[in-house]
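Participant: Have a look at this one.
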């Protein structure tokens, strides 16, 4: 796509260049900041260079790196404060500019403040975040000046490293944002007290950064346009800060919509697409510099509508470009049905990031592994049969076929997807339809021979003469060995989600893993899914988009339509129910069920099921749950029957997905394993 390309007939706003005065962006698509964890590993910058270069080839107009600390106390693990640090980053900036000099890459300066996991953590006041066990060290006057100086030095070194600009993050509960809010800034000097004093710290950083880097360098300020905090920033304060940032030298204002300790989900799959862009639109009307909007914008038509509605000048899509590096290119070429859509699961990206692991993507395990996992043409194409069209089978079949192997995909069901066909029916998980659309299209593009409604045995495969068999037959739900398990009131979670059985008014869900939570959501939900309706989402989570009270939530009571049945979600483990769920989304699922009155009980010993209900023991005390339905979500076993048959015949075979390991239903592991195996055969 040339810089001077004409306006796109379908996406005229997305592909319209943006003049910044001293430079311009080739289009309005931004890959927002996403910490990868690569900065801290051996060879990480070379891997980062490949990662960003691939997105550059994918057509994005601008990208922002993961957060880099201005100093040690910033707590991000990677720092930018010396010429040596700058030199290490040059491989990244040069790789991007080699692809296209017109693509801008900016470095995010992120000082974690009270969220830093280091004893040297600092904040305006010694107020501990509820997300951290550590109390930050209160900055004295010299300390405040040091932090300002270090931000300025960081920006100068980013410029030296070849970056086109920096984004200074002033949101999320990190250092700059804690100066802005009264509950975290209890100072009585020039840096605290009145709001004019509280915003002095981030403003001084912006003003001095502009003076240090000159006029021809992009400075982005990321503002908490709606911080989702009780007693958070008011709308007037947001506007005042944004205008002051413009005066202080900001090139662009980027809107953010939460602190990490907020009790409102903003990035999970249960959040409607583009839910918060209207807030950016309101702020944009107050400013004369461009605004970036973000959060749950995962397809080009969504981005185009946001821009057409005047809600932003630039659309940030961070996780969507983990999911598909060519998202922008595919949109430009009219190949939207080939986009591997971000489903907002957070399992391999944000969960990994907050757990200190290397980031990747559930639906695209190549993300951040561009130098490790590649799908090169095979030098010896084979005839391959893949049995099972769940996530693992689909990943293997499409990758192997892309590499030139002749692949036949079998499944006994009438549609592809396996367990994804259950997930997509759960309110809040509708994005799984997109993954199935993507795989369906990839099967076509790569000419996989798909044989649905077909059950095969080892002898069938042997007679067909395949050179390799991939067994992706998935799982068998585990049936607990307790008295009465065959009682008429006992049903499988599969039958419940597929509507094969009726569910009573009093229900026990045996098993509180991901499936147990999904089933509980499924049977207690009423009305339209919040993921599909912004007003429903706002009502259920207590957000007032219209009046914008402090933080967007102050004084707003969440309203959830009560479930029409009583549900008990049970687990054997004594750990808190839901502890095994994802770090960044587990709390949202727990809160959602709690709002619907689901009773979560841990440390359960199941005794028997009879006409009276489910007999259990909790903390040594026998209890009777007088339920009329018991839904079994007690784990699963690998379905290896076919694999064992194939082995008996001596046929070369691989085992992938749930059939390989079924301790948890883990699409992330299944797709990753299948992709690596298919890349190697």
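Participant: Going by how many other Cβ atoms sit within 10 Å of their own, how do 352, 196, 111, 525 line up, fewest first?
Facilitator: Lowest count first: 196, 525, 352, 111.
Participant: Per-residue counts of other Cβ atoms within 10 Å, averaged by peptide: what ranking do you get for 281-292, 582-593, highest first?
Facilitator: Ranking, from highest mean packing down: 582-593, 281-292.
Participant: Order of 61-73, 482-494 by packing, highest average Cβ count within 10 Å first?
Facilitator: Order by mean packing, descending: 61-73, 482-494.
Participant: Counting other beta carbons within 10 Å of each Cβ, put 526, 608 in order, fewest first.
Facilitator: Least to most surrounded, the residues fall as 526, 608.
Participant: Also, I was wondering about something else. Given the DSSP H assignment, sum -39500 (n - 2.57) over each helix run of at least 4 residues in the chain and divide by its residue total; what's the result at 222 nm in deg cm²/dmol, nearest 500? Display every interim value, and only then the final one.
Facilitator: Details: 22 runs with 215 residues, N = 681.
Mean residue ellipticity at 222 nm (helix-derived): -9000 deg cm²/dmol.
Participant: Nearest 10 degrees, 0 to 90: what angle lies between the long axis of helix 200-213 and the longest principal axis of the chain (Cα atoms)?
Facilitator: Once rounded, the angle reads 80 degrees.
Participant: Only bridges with both residues in the chain count here: give the DSSP antiparallel percent, nearest 5.
Facilitator: Details: 16 of 79 bridges.
Percent antiparallel among DSSP bridges in the chain is about 20.
Participant: Among 431-440, 315-324, 234-243, how do they line up by average Cβ neighbours within 10 Å per residue, starting with the highest? Don't skip to the answer; put the middle values down first.
Facilitator: Working: 431-440: 20.5, 315-324: 26.3, 234-243: 18.3.
Going from most to least packed, we get 315-324, 431-440, 234-243.
Participant: Still on this structure: Within 10 Å of each residue's Cβ, count the other Cβ atoms and sort 104, 146 from fewest upward.
Facilitator: Ranking 104, 146 by Cβ neighbours within 10 Å, fewest first, gives 146, 104.
Participant: If you don't mind, another one. Nearest 10 degrees, 0 to 90: what angle lies between the long axis of helix 586-595 and the longest principal axis of the chain (Cα atoms)?
Facilitator: Taking Cα atoms only, the helix is inclined about 70 degrees.
Participant: Give me the log10 of I(q) over I(0) for the chain at q = 0.06, 0.08 Å⁻¹, as the Debye formula computes it from C-alpha points; what are the numbers?
Facilitator: Values, matching the q order: -0.37, -0.65.
Participant: Turning to a different aspect of this structure: How big is the equivalent ellipsoid of the range 296-414 along its three axes, where each semi-axis is √(5λ) from the Cα gyration tensor, reported in whole Å from largest to smallest?
Facilitator: Output for the range 296-414: semi-axes of 30, 18, 15 Å.
Participant: Next up: Can you compute the radius of gyration and Dmax for the range 44-124, using only the Cα atoms, both in Å?
Facilitator: 14.2, 42
Participant: From the Cα trace of the range 18-336, what convex hull volume per residue do you get, rounded to a whole Å³?
Facilitator: In the range 18-336, the Cα convex hull volume per residue is 122 Å³.
Participant: Taking a cut-off of 21 Å, what percent of all Cα-Cα pairs in the range 190-264 are separated by more than that? Let's see the in-between values first.
Facilitator: Details: 820 of 2775 pairs.
When every Cα pair of the range 190-264 is considered, 30 percent fall beyond 21 Å.
Participant: Over the residues of the range 486-537, compute the C-alpha Rg and express it relative to 2.2 N^0.38 Å.
Facilitator: Values: Rg = 12.8 Å, N = 52, 2.2 N^0.38 = 9.9 Å.
Normalised by 2.2 N^0.38 Å, the Cα Rg of the range 486-537 equals 1.29.
Participant: For the range 182-246 and the range 510-585, write down the distance between their C-alpha centroids in whole Å.
Facilitator: 33 Å
Participant: Using only the alpha carbons of the range 357-432, what is the convex hull's orientation-averaged projected area in square nanometres?
Facilitator: Average projection, Cα convex hull of the range 357-432: 6.6 nm².
Participant: Hey, could you grab the Kirkwood Rh for the range 331-382? Inverse mean 1/r over distinct alpha carbon pairs, Å, one decimal.
Facilitator: On the way: mean 1/r = 0.0755 Å⁻¹.
With all distinct Cα pairs of the range 331-382 included, I get 13.2 Å.
Any read-out appearing in this document is the output of simple, stated calculations on the displayed coordinates, not a laboratory observation. Here the structure is a predicted model, which means the values were calculated and not measured. Counting neighbours? That spans all protein chains shown, and the Cβs are built from the backbone with ideal geometry, glycine included.
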